[in-house]
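The values are calculated or read from the model by the stated rules, or taken from the named source; none is laboratory data. Just so you know, these numbers come straight off a predicted model, no measurement behind them. Glycine gets a Cβ as well: all are built from the backbone with ideal geometry, and neighbour counts include every protein chain shown.
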Amino acid sequence: MATRTATDGGARSTFRRPSSPVAYIAVLAALVSAGIHLFLAPQVIGFSRTTGILFYLNGAGYLGGIALFFTRYWRRELYLVAGAYALATFVAFFAFGGQVNPLSIASKVAEVILAAAAIGLYRTES
């Protein structure tokens, strides 16, 4: 993802396309985690309002990060923020005693993949 170019004939575009396959893996992992959190939020809010709200915010945070990633405003340092966000979500699951089930496992795997991809992209992008 070292080179990101606009496709509009030279004018500065707001939106950019990543040039690295690892970046697309990171986006897919973020989408998986966001989707799972947003899917589960209405169910979780029935048991714990605070946790349900955190699920909504977590999903929205991933979607916001993805939206920012595809703009010219994305900076190399934000890979570290994305990695830390994914790891914080991973740790929070265990800190708050989350229930282990297929969706939680899928979400945690996606978060680890996102964190690893983000750190890798930070190290390789100049």
Which one is farthest from A34 (Cα to Cα) among residues in the stretch 86-126 that are among the hydroxyl-bearing types (S, T, Y) and surrounded by fewer than 21 Cβ atoms within 10 Å (Cβ to Cβ)? S126
I'm checking my understanding of the structure. Among residues of the stretch 3-18 that are surrounded by 13 or more Cβ atoms within 10 Å (Cβ to Cβ) and modelled with pLDDT of 65 or more, which one is nearest to T71 (Cα to Cα)? R16
Looking for something aromatic (F, W, Y) and either at pLDDT below 95 or touching a Ser or Thr at 6+ places or on another chain (Cβ under 9 Å) (or both) - is there at least one such residue anywhere in the stretch 76-87? no
Taking the criterion of being without any contact (Cβ under 8 Å) to a residue 40 or more places away in the chain, touching a Phe, Trp or Tyr at 6+ places or on another chain (Cβ under 9 Å) and closer than 16 Å to A88 by Cα, would at least one residue in the stretch 34-45 satisfy it? yes
Can you confirm whether the stretch 42-50 contains a residue that is at pLDDT 95 or above and of a type in the set (G, A, S)? no
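Hey, could you check the stretch 74-126 for residues that are among the hydroxyl-bearing types (S, T, Y) and either in a helix (DSSP H, G or I) or touching a strand residue (DSSP E or B) at 6+ places or on another chain (Cβ under 9 Å) (or both) and say which is farthest from G64 (Cα to Cα)?
Our first condition is that a residue be among the hydroxyl-bearing types (S, T, Y); within the stretch 74-126, this holds for 79, 85, 89, 104, 107, 122, 124, 126.
Then keep just the ones that are either in a helix (DSSP H, G or I) or touching a strand residue (DSSP E or B) at 6+ places or on another chain (Cβ under 9 Å) (or both); that gives 79, 85, 89, 104, 107, 122, 124.
Numbers: Y79: 14, Y85: 12, T89: 15, S104: 21, S107: 17, Y122: 19, T124: 23 Å.
The residue in question is T124.
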Are any of the residues in the stretch 66-77 surrounded by fewer than 16 Cβ atoms within 10 Å (Cβ to Cβ), of a type in the set (G, A, S), free of Cβ contacts under 8 Å to residues at least 60 places away in the same chain and under 20 Å from A115 (Cα atoms)? yes
